[in-house]
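Engineer: Before we start, here is the structure in question, set down as structure tokens.
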Amino acid sequence: MIETNSPSQFSSSIGGGKDSQEIVDFKKKWLENTHALHEDFSSQERKNPSLEETLYDSRADCKIEISKVAMHLSDNWRNGLFKQLDSLMDIDNWEDDDAPVTHKSFSTLLRMLTLLRPDCRPGLGSTSSGNIIAAWTKESSRLTIECLPNDKVRWVLSHFIDNIRESAAGEAHLTRLNIVLAPYNQKQWFSDC
């Protein structure tokens with residue numbers, strides 16, 4: 001007579017033996033190691049992106065920020081900012097050791113523009129640490145504002161009053177920028193483009 005295992009006996013024996021447990025353990029370790037290798041590779045890619053990838057990501061983040069305040073900007077302003085960003089962060093014009101424009105600095109710029117509401121779009125530049133710079137020039141008068149994270153700005157200006165050059169510089173919170181610039185007739189840079 002041939003003995004057969006009933007289905008319940010057969011299924012209870014699967015995975016119950018020493019060999020089966022070794023296979024399960026090996027598979028588990030293999031999956032963990034594969035996952036760890038994948039994570040290491042992915043994190044290496046994130047840690048060491050190429051300059052071109054970094055600039056692309058920074059430019060994309062800035063454009064997304066612009067789209068968040070698009071209702072406050074005319075189509076002309078928005079398209080102009082997009083073109084300025086493309087030009088500013090063109091890899092052919094970028095120094096390898098300069099940091100791309102940071103998200104926090106660019107957010108400060110956009111909030112500043114919505115508070116100041118200038119008619120004239122500023123020229124854009126950046127610092128080696130990734131802060132964006134907005135600059136307005138009217139004849140021989142200049143205003144340059146470095147946008148720092150957390151709605152802080154550094155500003156430098158020079159203008160002429162009765163053919164005498166006057167310069168000033170300071171650091172302020174965005175909410176006070178209009179007040180700080182008021183003695184210097186800030187409208188000379190922001191209107192009559």
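Engineer: How much area per residue is accessible in the range 43-102 when the probe is 1.4 Å and only protein heavy atoms are counted (Å²)?
Structural biologist: In whole numbers, the range 43-102 has 65 Å² accessible per residue.
Engineer: Please compute one quarter of the surface area of the Cα convex hull for the range 81-193 and express it in square nanometres.
Structural biologist: 7.3
Engineer: Next question. Can you work out the PRE-style zone for W77? Point 7 Å along Cα to Cβ, and I want the residues of the range 112-135 with backbone N under 17 Å.
Structural biologist: Residues 112-124, 134-135 qualify, since their backbone N sits under 17 Å from the label point.
Engineer: Can you pick out the pairs among K68/K138; K63/K187; K68/K152; K83/K104; K68/K187 whose Cα atoms lie more than 24 Å from each other?
Structural biologist: Flagged as over cut-off: K68/K138; K63/K187; K68/K187.
Engineer: Could you compute the FRET efficiency for D192 and V156, with r as their C-beta to C-beta distance and R0 at 22 Å, rounded to 0.05?
Structural biologist: Here the calculated transfer efficiency is 0.55.
Engineer: Let me ask something else. Over the Cα atoms, compute the radius of gyration (one decimal) and Dmax (the largest Cα-Cα distance, rounded to a whole number) for the range 131-193, in Å.
Structural biologist: Calculated on Cα positions, Rg and Dmax stand at 11.6, 37 Å.
Engineer: Quick check: at a probe of 1.4 Å, how many percent of the accessible area of the range 129-193 sits on carbon and sulfur atoms?
Structural biologist: About 48 percent, which is the carbon plus sulfur part of the accessible surface.
Engineer: A further question follows. In Å², what does the accessible area per residue of the range 120-193 work out to with a 1.4 Å probe?
Structural biologist: On a per-residue basis, the range 120-193 sits at 55 Å².
The values are calculated or read from the model by the stated rules, or taken from the named source; none is laboratory data. What you see is a predicted model; the values in this text were computed from it and never measured. Don't worry about glycine lacking a Cβ; one is built from the backbone with ideal geometry, like all the others, and counts go over all protein chains shown. All accessible areas refer to the heavy atoms of the entire protein, side chains included, with ligands and DNA or RNA removed. Shrake-Rupley method; radii C 1.70, N 1.55, O 1.52, S 1.80 Å.
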